[in-house]
Amino acid sequence: MAKPIVMIGSGGIVHDAHLPAYRKAEFPVAALVDVNRDRAISLATEFAIPFATDSVAAAVRYAPADCIFDVAVPANVIASILPQLPDGAAVLIQKPMGETLAEAVEILRICRTKRLTAAVNFQLRWSPNMLAARALYVSGAIGEVHDMEVAVSVHMPWQLWSFLSTAPRLEILYHSIHYVDLIRSWFGNPRGVYAQTVKSPRTPELAATKSVIVFDYGESRRVFLTTNHSHDYDPSMQRSYVQWEGMTGAIRAQMGVNLNYPEGKPDNLEYILTGSAGWRAAPLSGNWFPDAFIGSMGSLQRYVQEEDATLPTCVEDAIDTMRTVEAAYLSGQQGGVRLPEIES
């Protein structure tokens, strides 16, 4: 039986993904907290949550002893919330794990000091099409993977998240971090990264919203991601996919949530095998939003109930995703190699 959840935060992601996912999975939500009490009460009423408050302390007093805290607040607030939770509690922390590597290290320290069983909500790993892609690979169908690319070219209405309007870091930290984590889940930590992230002239008031990151996994494997959130044209040419190439086949997974956001399109998964007539569609049930959120919470639920021996996105692993993100920003600041001089 699933443990009750205390939801801290009631923003758009909670309304659109967390709570619909938990309702679908029949994970009980015992309480909801938000600094805006009216918003907390409204959302609690909509999802039949019995307790709503604007006080973390009040929620902790109300919380069942065996609950899981789901902390879905802006990254720069996480380190102030965790010390208010009971020692030894189980916690799912919304990504990113702080706004900088220094904040991530502080979050890790707090989790260790308080003995929290803590995971970061890098939920893309559990999207139904990503799980299907992994299963296809594990079956041996496509052979050794030597190429992985993530391509996103869409129009993203960043104004939907007011707290991002002043964020010093945006695209990699709040969006491409999902793909960074997904890549790490396939290949482990890269030897290094080469990256550039730039601002869009369409949204000059925001931090950088377009990025390219190349991951160094040696000379026999190409891994990169490219994102452009300013493609504000006919949606028919938008793209949002992850593609893997192996020695005997290839897989492409469409991430529909990014397409014509926020309406979105369905996810899908296609694959092709050596010698086959063409690409085939793999059967899927569900989408990244909200179904992947069942996976991230379900992973923590199973771990604390000792049904699973590992916690894939525990803070001890998530810190390496944050290290990779930090390396990407450092690479962008340092710039590329200048053209060599030649004699005239």
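The values are calculated or read from the model by the stated rules, or taken from the named source; none is laboratory data. Quantities reported herein were computed from a predicted structural model and do not represent experimental measurements. Quick reminder, even Gly has a Cβ in these numbers, built from the backbone with ideal geometry, and neighbours come from all protein chains shown.
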Original post:
Counting just the residues of the stretch 183-209 that are among the charged types (D, E, K, R) and crowded, with 16+ Cβ neighbours inside 10 Å, which one comes out farthest from Tyr241 (Cα to Cα)?
Top reply: Lys199
Subject >> Residue within the stretch 196-208 that is assigned to a loop (DSSP other than H, G, I, E, B), out of contact with any strand residue (DSSP E or B) (no Cβ under 7 Å at 6 or more places or on another chain) and on the phi > 0 side of the Ramachandran plot present >> reply: no
Subject >> Set Phe122, Phe163: member being surrounded by fewer than 21 Cβ atoms within 10 Å (Cβ to Cβ), farther than 16 Å from Leu273 by Cα and not basic (Lys, Arg) >> reply: Phe163
Subject >> Test: Gly249 is among the small types (Gly, Ala, Ser), in contact (Cβ under 8 Å) with a residue 40 or more places away in the chain and out of contact with any strand residue (DSSP E or B) (no Cβ under 9 Å at 6 or more places or on another chain) >> reply: no
Original post:
Only one residue in Ser240, Ser220 is under 21 Å from Pro266 (Cα atoms), among the hydroxyl-bearing types (Ser, Thr, Tyr), assigned by TED's automatic domain parsing to the domain that holds Ser153 and at pLDDT 95 or above. Which one?
Top reply: Ser240
Original post:
Can we say Asp147 is under 30 Å from Leu273 (Cα atoms), acidic (Asp, Glu) and surrounded by 20 or more Cβ atoms within 10 Å (Cβ to Cβ)?
Top reply: no
Original post:
What residue, among those in the stretch 16-27 that are touching a helix residue (DSSP H, G or I) at 6+ places or on another chain (Cβ under 6 Å) and of a type outside the set (A, V, I, L, M, F, W, C), is surrounded by the most Cβ atoms within 10 Å (Cβ to Cβ)?
Top reply: His18
Subject >> Of residues in the stretch 251-281 being within 22 Å of Leu160 (Cα to Cα) and among the hydrophobic types (A, V, I, L, M, F, W, C), the one farthest from the chain's Cα centre (by Cα) >> reply: Leu259
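Would it be correct to say that Gly295 is surrounded by 14 or more Cβ atoms within 10 Å (Cβ to Cβ), assigned by TED's automatic domain parsing to the domain that holds Gly12 and farther than 22 Å from Ala141 by Cβ? Walk me through it before giving the result.
Details: surrounded by 14 or more Cβ atoms within 10 Å (Cβ to Cβ): yes; assigned by TED's automatic domain parsing to the domain that holds Gly12: yes; farther than 22 Å from Ala141 by Cβ: yes.
Spelling it out, Gly295 is indeed surrounded by 14 or more Cβ atoms within 10 Å (Cβ to Cβ), assigned by TED's automatic domain parsing to the domain that holds Gly12 and farther than 22 Å from Ala141 by Cβ.
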Subject >> Filter result for the condition that a residue is hydroxyl-bearing (Ser, Thr, Tyr) and either part of a helix (DSSP H, G or I) or surrounded by fewer than 18 Cβ atoms within 10 Å (Cβ to Cβ) (or both), over Ser10, Ser42 >> reply: Ser42
Original post:
Tell me, which residue of the stretch 210-236 that is in contact (Cβ under 8 Å) with a residue 60 or more places away in the chain and aliphatic (A, V, I, L, M) is surrounded by the most Cβ atoms within 10 Å (Cβ to Cβ)?
Top reply: Ile213
Original post:
Hey, does the stretch 259-267 have a residue that's farther than 30 Å from Thr100 by Cα, surrounded by 17 or more Cβ atoms within 10 Å (Cβ to Cβ) and not assigned by TED's automatic domain parsing to the domain that holds Glu26?
Top reply: yes
